[in-house]
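Just below is one structure, and these are the notes that go with it.
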Amino acid sequence: MYEKLPNLVIGFHGCSKNAYENVIFNNQPLKASDNSYDWLGHGIYFWEHNLKRAKEWAVRRYGKNAAVIGAVIDLGNCLNLTDSASSEYLKGGYKLLKTRCELTGEPLPTNRKSEKTKDILLRDLDCAVILQIQEFYSTGENKPAFDSVRGVFIEGDAPYPGSAFFEKTHVQLCICNPNCIKGYFAPRNEDKHFNMP
């Protein structure tokens with residue numbers, strides 16, 4: 001749903017050590033992702049409050065050259081897909097995209113499973129629908145553009161037989177307006193708990 005969410009959130013961005021150093025030490029901005037299969041459209045991606053998943057993703061992508069950047073984020077005008085009311089936006093975006101494809105003769109994009117997992121990781125259709133929504137709301141009269149997109153993704157295996165939970169379920173953020181990022185930080189390693197007297 002289109003809304004201004006309260007408070008700030010903490011996001012974690014998996015990256016290479018080189019990108020980490022450029023952002024943390026040289027005050028360079030993170031580069032926005034613009035792949036056709038991005039889950040929430042084009043922008044800078046973060047795992048919401050999930051340092052562990054950001055680390056896992058970075059190691060899988062960059063190996064020994066992996067790093068994670070933390071960020072304090074104001075989601076601004078958010079297309080919040082965790083709210084059931086957002087389904088109307090998605091339906092409208094899909095309808096616009098389908099009409100556009102019919103008029104231009106282009107095939108409608110599709111979501112695809114990864115070769116390595118059963119999860120749908122290549123989300124060309126979802127990306128195209130969200131980009132269509134963004135275009136409509138950024139060019140229409142009296143309609144502000146979305147600063148961010150927020151979604152929940154069910155992913156991975158069940159932790160036990162018969163479970164309706166999945167091991168890699170997470171909340172992902174796509175920051176379309178870089179001004180929503182209020183600052184970056186270097187995440188610290190957790191210490192063991194102190195035994196207080």
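Here are some residues: Gly92, Gly76. Which one is modelled with pLDDT of 90 or more and in contact with an Asp or Glu (Cβ under 6 Å, 6 or more places away or on another chain)? Show your work before the answer.
Working: Gly92 fails: in contact with an Asp or Glu (Cβ under 6 Å, 6 or more places away or on another chain).
Checking each option against the conditions leaves just Gly76.
I'm trying to understand the selection: among the residues of the range 28-67, which are in a strand (DSSP E or B), more than 12 Å from the chain's Cα centre (by Cα) and crowded, with 21+ Cβ neighbours inside 10 Å? Show your work before the answer.
Let us first name the residues in the range 28-67 that are in a strand (DSSP E or B), namely 33, 39, 41, 43-48, 66-67.
Pick out the ones that are also more than 12 Å from the chain's Cα centre (by Cα) and you get 66-67.
Correct list: Ala67 only.
Can you give me the number of residues within the range 134-176 that are touching a residue at least 60 places away in the same chain (Cβ under 8 Å), closer than 17 Å to Leu81 by Cβ and not aromatic (Phe, Trp, Tyr)? Show your work before the answer.
Quick first cut of the range 134-176, residues touching a residue at least 60 places away in the same chain (Cβ under 8 Å) only: 134, 137, 144-153, 168, 170-176.
In the following step, the residues that additionally are closer than 17 Å to Leu81 by Cβ were identified as 134, 137, 145-153, 170-176.
Next, only the ones that are not aromatic (Phe, Trp, Tyr) stay: 134, 145, 147-152, 170-176.
The total comes to 15.
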Hey, among the residues in the range 122-177 that are among the polar types (S, T, N, Q) and surrounded by fewer than 15 Cβ atoms within 10 Å (Cβ to Cβ), which one's farthest from Tyr89 (Cα to Cα)?
-> Ser163
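If you take the residues of the range 138-163 that are assigned to a loop (DSSP other than H, G, I, E, B) and among the hydroxyl-bearing types (Ser, Thr, Tyr), which of them is modelled with the lowest pLDDT?
Step one: filter the range 138-163 for residues assigned to a loop (DSSP other than H, G, I, E, B), giving 140-147, 154-163.
Filter once more, so that each one left must be among the hydroxyl-bearing types (Ser, Thr, Tyr): 160, 163.
Details: Tyr160: 82, Ser163: 79.
So the residue we want is Ser163.
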Does Leu108 count as over 19 Å from Ser86 (Cβ atoms) and either among the small types (Gly, Ala, Ser) or at pLDDT 80 or above (or both)?
-> yes
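The values are calculated or read from the model by the stated rules, or taken from the named source; none is laboratory data. This is a predicted model, so every value here is computed, not measured. Quick reminder, even Gly has a Cβ in these numbers, built from the backbone with ideal geometry, and neighbours come from all protein chains shown.
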